[in-house]
Every structure is written in C-alpha cells, then in structure tokens.
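The values are calculated or read from the model by the stated rules, or taken from the named source; none is laboratory data. Please read all numbers here as calculations on a predicted model, not as lab measurements. Positions of Cβ are generated from backbone atoms using ideal geometry, with glycine treated the same way; all protein chains shown enter the neighbour counts. Ligands, DNA and RNA are excluded from the accessible area calculation, which covers all protein heavy atoms including side chains. Shrake-Rupley method; radii C 1.70, N 1.55, O 1.52, S 1.80 Å.
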Amino acid sequence: MWETLSLMFMRRTFLSNHRAAGLVEEDLSPFHARLAAIGDRLEPLSRESYARLEQLAEGLSVRARNGEPAESLLIETFALVREVAHRCLSLMPFDEQVLAGIALHDGKLVEMQTGEGKTLAAVLPATLLALGGKCPHILTFNDYLARRDERWMRPVFHFFGLRSGAIQQGLSLDDRRSIYRGDLVYATAKEVGYDVLRAQLVRALSEQALQPLSFAIIDEADSILIDEARVPLVIAGQRAAAASPHQLAALSRQLAPGLHWETDDQGRNVLLTEAGMDWIENTLHCGDLHADENYALLTEINLALHAHVLLKRDVDYIVREGKIELVDAFTGRVVDDRRWPDGLQAALEAKEELQIQPGGQILGSMTLQHVLGLYPRLAGMTATARPAAAELARVYGLRVVPIPPHRPCQRIDLPDLIYTTRAAKQRALIQDIAANHERDRPVLVGTASVAESEALANLLRDAGLACRVLNARNDEEEAEIISNAGIPGAITISTNMAGRGTDIRPGGADERERARVIAAGGLYVIGTGRHESRRIDDQLRGRTGRQGDPGTSRFFVSLEDELMVRYGIQELIPPKWLPVDDDPVRLPMVHREVDRLQRIVEGQNQEIRHTLWRYAALVEQQRKDIHAWRQMILSGEVELSVGQMRHPDHFEELSALAGERAVREVERVITLHHIDTCWAEHLDLVTQLREGIHLVGLGGLDPLHEFQKQIAAAYRELPTRIEDRIAHSMATLEFTEHGFDLQKACIDAPSATWTYLVNDRVLSELQQMLFGQGSSAFAAGAVLMTWPILLLWGVFRWVKRWRALPGL
Ligand code: ADP
C-alpha cells in the first residue's frame, strides 16, 4: 500500500520537476546585452560631479513623467542608479546585481544566493518604476526588514527626488495613506493584504489608504509565494455571541466522553452523540438544537467541544500573560498575530478561563496568494526558486532566472549523517559541534522548532558549551543575534524561520576576525533534521558560503525523526541492515530513501496547496466581483434607486424634507452597509461549508464540486438579499431635526475592526484526510480499509451538519 502510494507521488513529483526544467531560463544572453550597454554608460558617469548627476536624475525624471516608456529609460537609469549607489551607499552594484535588476524589471523570479545583495539589486528596477509613477511595492519577509531595507536604500531614492516609506504594523491610517501616496513602498505582503481588506470596508473614498496596486518585487519570494501563500488574512468586527463562551466551556467539561461525544479514529474531529444533544437541550432548555434559530448556538457548542477535546495546551497552544498563543505546527514556533479560526479562539480562551479577546464576525478574508494576485505585475527574488519553478509558473505565471554568484560558491555540502536512533544522532551532533567550536569555527545549528532548539541548548550546556538560542519573539533582536553568528567559535541555534534576511559575515562585524574564521573553514551550518522540502534545507545551507566565502553544511538525520516516523521509513529498512551502536548508517539505499521520502512530502504538500487554492478560487472570484461593485457605489459611479423604486411615497416624503441628493447619499451608505453585512454572512457560510465538506467525500460525492455548487447557489441569492435589506432600511428611514436616523435603520459601522492571520492547520488536516494525502500514507490506507464504517459515519454527520446550516 505504502509503496503504491509512494510510487504515485513519486511519479507526480517527477512530472512536476520534469516540467520545471522548461520553466527555468538558463540563457541570460538577453540580459547580458542590456548589461553591456549599462556598463558603457556607467564609465563616464564616474567622472561626473555630484551636481551633474543630480541634473541627469532630474532629466530622467522629467522624461519618465512625460510618458517615455520604462524600457527606453532602463539603460540610462540603471547606469545612474549604479553610480548613485556607489556615491551614497558606498556600494557599487555588481554586474550580477544589475542582471538581477534587469530580470526583475522583466517580471522574473530571480534566484540569487544568500548574501549576493538582493536588497540593492531590487533598487535598480524599483527606481525606474517609481520614476514612471508606478509606485512599486517591495514586499519583505517581516516588518523589521521593510524598515531596515527602506532606511538603507533611501539615499538613492532621495537622490532621484523619490519619496520612499515603510509600512509597519500599527501605523495610523494617515501615515499609511501618506506612505502609499509616495513613490516607493516597502511593506510585508500581509500588511498590504490587511490594507486591501480595510479598503473594502470604508464608507468614503477618502478613508482608503491604499492606492491602486501596480508592481510588486517580492523578497524571499518562495516563502511568501509558496509557504505562506495560503494563510488567510482576516478582518473582523464586533458581533454578539449566541451564548457565553464561558458557559459553553463549563458545559463541555460536564459532557462525558463516549456517552455525550466521540472522536474519530485520527482524533481530528469530535462529534456530539444523540445522548449528548439531548443532554444539552435539557440543560440549556433551548429546544431542538437543529432548529434554525439554534444554528449559531450549535456552532458555538461544537467549537467549545473542539477546544475542550482536541486542542492540547502546550502542544497546540500555550497560555502566556492571560493570552492564548498559538504554536505553529510547521515550525513549532509560537506565532504572533495568528489566531484560531474565529469562534474557536474564544472557545479556547473560555476553556482556559481567560478573558475573551475581541474576535467577532469576519468582515473580509483573503489569502496572501490572492493579495499578490491583485498586482498587475509581479517579480521576485530568492535563493531557492528552482525546486519550486513549476508551482511558481502554474500559480503566478512567474519564470525563474538563476543569476550566477558574484564569486563562485565554495560551500561544501557534506552528505547527511543518518543514525538509527535520535539519541545517537544527538550524541554525534554534540561531538561535532564541540569539535568545530574548539577549532574556533562558528557553528549555526538549524532546528525544526523552538522546543528542539531549547532541548539542544540544554544538552550543549550540559557538555560545557555556551550557545545562543534564537527564540526572541522580536525580529530586530533576532537579526542582532544572528549577525553575530559568524564570530570565531560562536554556537548559535536557530529555527529555520528565525533571523531571516540577515547577513552572517565570517568573523562578525570585526573585520580582523574574518581571516581567523576563514582559516577555520568559514561558518559551519548544521541541520538537525530534514525539513518538509529541499527548498527549506537549502535556505539553511545558504546561510554559509556568502559571496565566495568558504563554508560547510551538513544535515544530521535519525530514523526516529518525526518526518521519518510519520512516513514509516523504518518499515522499509530491514533491522539487520542497521548499525546497533552509535555508528551512522552507511547504506546508500537508506540515503536514497531519505531523499525519496522528502520528495514525496514535497509532492503531497504541493497537491494540498493546489487543492486549497481550488477551494478558495470561486470565493475569491465572488469577492472580486462584489468589491468591484462596492467600489463603484463608493465612488458614486452607480445611480442608486432601490428606495425610490420600492417605496416611492416614502422616498418623496424624505426628499421633500431633506432634499433628493441627501436621500440618495444616505441610500449609498445604507447600500454599502448591507453589502458588507451580507458578504460577511456569506463568508460565515463559506467557513461552515468548508469545515464540513470533507465528509461529503466520505459520502461518495465530489467535495469540491459540492462545495462550489453550494457557494455558487448562496452567492446567486446575495443581490436579492442585499436589495431587500436596502428596501427595508429605506422604508424605515426617518428624518428628524438631527438629520437621518441611521441607528434606527440599523446602519451602524463596526465600532472597531482588527486583523489577524488564521491558523490553517485545521483546514489542511481536513484536506489531508479527504484526499488521503495526509500526514501518513498509513492513515490514508486506514481510511480506505475502514471506508464502509466511515462512509456511514460520514453521511450521518454530514446530514446533521447540513441540516444545521441556515437556508439549506
Ligand atoms: P541577500 O538579501 O541577497 O542575502 P543582502 O542584500 O542582505 O543580501 O546583502 C548582503 C551583504 O552584501 C550586505 O552586507 C551588503 O552590504 C553587501 N553587498 C551587497 N551588494 C554589495 C556590493 N555591490 N558591493 C559590496 N557589498 C555588497
């Protein structure tokens, strides 16, 4: 069974890699021709005075403003940016950076190794775009990098008379608006996404901070375009709950396992039994829980039960300073600014007897992938693009252009050391770290999670080795620590995500130490286990060997590592082939299996992302349509006539009192309000459907098709529902001596909104279960073997859930 599934995925992975071959542009000759022309222009510029360069910049700016196409200004602008960067930043962009800049201008995904200077490379196309009034967005991995890069590159932009700014979490609307109206913006994709969502809720054009999107240059592009792309961004507002989460948490504690509720075999779902339903109905005196009016209550009970039974403290989340903090399943890291899907978060806070933080109704939601899709043009930079070339081309239409390093890479990637047990691996790790430390060689150890980082740090301390652990929750602090990871003999432990985008110089800031570290072999990077994709392993490897420096990387693997156990690698290897002591496994076959397993996981994750994308695509199209319509109403492009058509007498009365223009203006506000509330309700329904849809699969139907059918049907009803509500509000609208009484017509804007990321683990687990591509091929096998029982169970649950949905 496992073999068959593996072969299936292998084939898929092979096919996608095969296809990827044609999607990587190895031939750089078209870029070289422009590079040569830029070089010719650059040479005389070096002899010009500062004032003359300013005149040239002004000349380019005028030509761009007069509409001269960017392509015809490229050579002159790039040459001038080179010279200006040299004078203002003391950095003369290398030919390779210029090649990268040209490729970015052409909308490519540039692969450049870590430390090659991507920040500066992006300045070349960004300046050209900004001169043409395109206001490029340079999307960085976190707020700290947005701030740092903008400040670092600002002198070049200023020289050209361009205004740059960095969007940061928590900036006021006015500050955001002012930055977006500048010439260049540094920001995270997430912050731009939140501004897109906020712009979709305003009641007046002047409240929109974001300007039309035009071109994004994405740094760490594979992380943002692939790893983070399916994370939904959410904007929420206040909503009254059907019952108190604390009351329901207390109720859940009284329910008896087995009698009142049951979980499925994988422990991923919990459901109330008939006895449980009866008990709740009797306790709450609420009548039939499946009745329409109890829909919200039933949802909240299910969430309380989910929080009580399925979410484990210190595994799925931790409680710190009275708040729930989520643990990311992927990195094992406590993540900021991320919540469980709405309602579940409140249920969890109630379970832990904490104060309920505002959660509220989802008013708008979008994945990062769709935020990026709003840019008419994209380009990106990363050190690890090639393994993802097929996906980048399919999803974003981006082609990968690998740029050679400025100096040949001297890094040595040593073969993995594979151990039978985790304990043997740890002993070998400690020995290896100690040996390198003694030789004054700096060592950077990449772990999969914070917990692993801390456990390793303790082992090192027990062995008398001092080390620094990157688990600061603050990007700036992390950057500071990691920039010192290159000092002689330093031992730094970090998760893959920590300290991203920071350069590690051999010897650290002190140039005199550099020779010592280089003589010891440069920075030594150790991975404590293979990640779920080669790309992430490569990101870690790329931390050493910057700009032609020497460096070494090595991964330590044990057959007891979580990834290996999950995919049952030990079942494939006869125990007699494995060493019984601490020796590493030398069999080439075992090394091949480890590689193969990683490719299988990559293939599966790619499939999961693709399917999630297909689930999101229809809702995203609906979102686009409804917000295009909303924007037209907001800008006054659409004449509104529902009030006049449906209640002409009342309309006349109001017009006589307040004037027709004022009535139409109020109808505009009323219309925006009802579009927003109906859309929010639609999103609620989407969430409900998505949560239950996997059971449709077990019931023998095509879940995606069923999901789309239901969503399309619900969407078709939206215009009528919105119109009816507008008509009702217009009929009840009153004009008093204080003006129109909007409160009476129930037109209140959310008093506050807030934004957050949703943890998508629940979704992907459902996904995995649904398609049998999940965390374990054996789990998939189990689903197949027990399908008759699951089928009955699934249909039963699905019907129950379906009955609980409104209007279905
Ligand atoms: P990347 O993002 O590609 O990892 P960075 O943009 O952080 O790289 O730059 C890495 C280091 O290289 C920085 O310390 C920067 O000062 C240096 N650097 C970049 N471009 C040049 C250049 N043209 N000449 C000299 N040093 C450079």
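What's the FRET efficiency of residue 657 with residue 174 using the Cβ-Cβ distance as r and R₀ = 41 Å, to the nearest 0.05? Working from the Cβ atoms, E equals 0.70. Take the Cβ atoms of residue 377 and residue 589, set R0 to 51 Å, and the FRET efficiency comes out at 0.60.
A Förster radius of 45 Å, combined with the Cβ-Cβ distance separating residue 631 from residue 427, puts the computed FRET efficiency at roughly 0.10. Per residue, the convex hull around the alpha carbon atoms of the range 562-645 comes to 159 Å³. Largest accessible area first, the residues 720, 736 order themselves as 720, 736 under a 1.4 Å probe with ligands, DNA and RNA left out.
In the assembled protein chains, residue 190 presents an accessible area of approximately 50 Å² (probe radius 1.4 Å).
Solvent-free Debye calculation, one equal scatterer per alpha-carbon of the range 95-152: log10 I(q)/I(0) at 0.22, 0.29 Å⁻¹ equals -0.93, -1.34. For the set 427, 725, solvent exposure ranked by accessible area (probe 1.4 Å, protein chains only) runs largest to smallest as 427, 725.
Here the relative contact order of the range 352-464, from alpha carbon pairs under 8 Å that lie six or more residues apart, stands at 12 percent.
Restriction of the GluC sites (Glu not before Pro) in the range 42-81 to DSSP coil positions whose beta-carbon has at most 15 other beta-carbons within 10 angstrom yields 48.
Structure shown: which of 118/624; 323/351; 134/190; 425/576 lie over 22 Å apart, alpha-carbon to alpha-carbon? Where the Cα-Cα span goes over 22 Å, the pairs concerned are 118/624.
With the simple spin-label model, which puts each label point 7 Å out from Cα in the Cβ direction, the residue 638 to residue 313 separation comes to 5.0 nm. Based on the Kirkwood approach, the hydrodynamic radius assigned to the range 417-543 is 14.6 Å, with every pair of different Cα atoms included. By a 1.4 Å probe calculation restricted to protein chains, residue 88 has an accessible surface near 40 Å², given to the nearest 10. Expressed as a whole percent, the accessible surface of the range 453-560 that belongs to carbon and sulfur atoms is 45, based on a 1.4 Å probe. A 1.4 Å probe over all protein chains sorts 518, 280 by accessible area into 518, 280, starting with the largest.
Between residue 356 and residue 723, the modelled labels are 3.7 nm apart [label points 7 Å from Cα along Cα→Cβ].
Residue 167: net charge of surrounding residues, Cβ under 9 Å, Lys/Arg +1, Asp/Glu -1, itself excluded? Neighbourhood net charge equals -3. In the range 130-251, the ratio of gyration radius to Kirkwood radius, Rg to Rh, stands at 1.10 when only Cα atoms are counted. For the range 120-185, what does the alpha-carbon gyration tensor say about shape, rounded, prolate or oblate, given a ≥ b ≥ c as the root eigenvalues, a/c under 1.5 as rounded, and a/b over b/c as prolate? Oblate.
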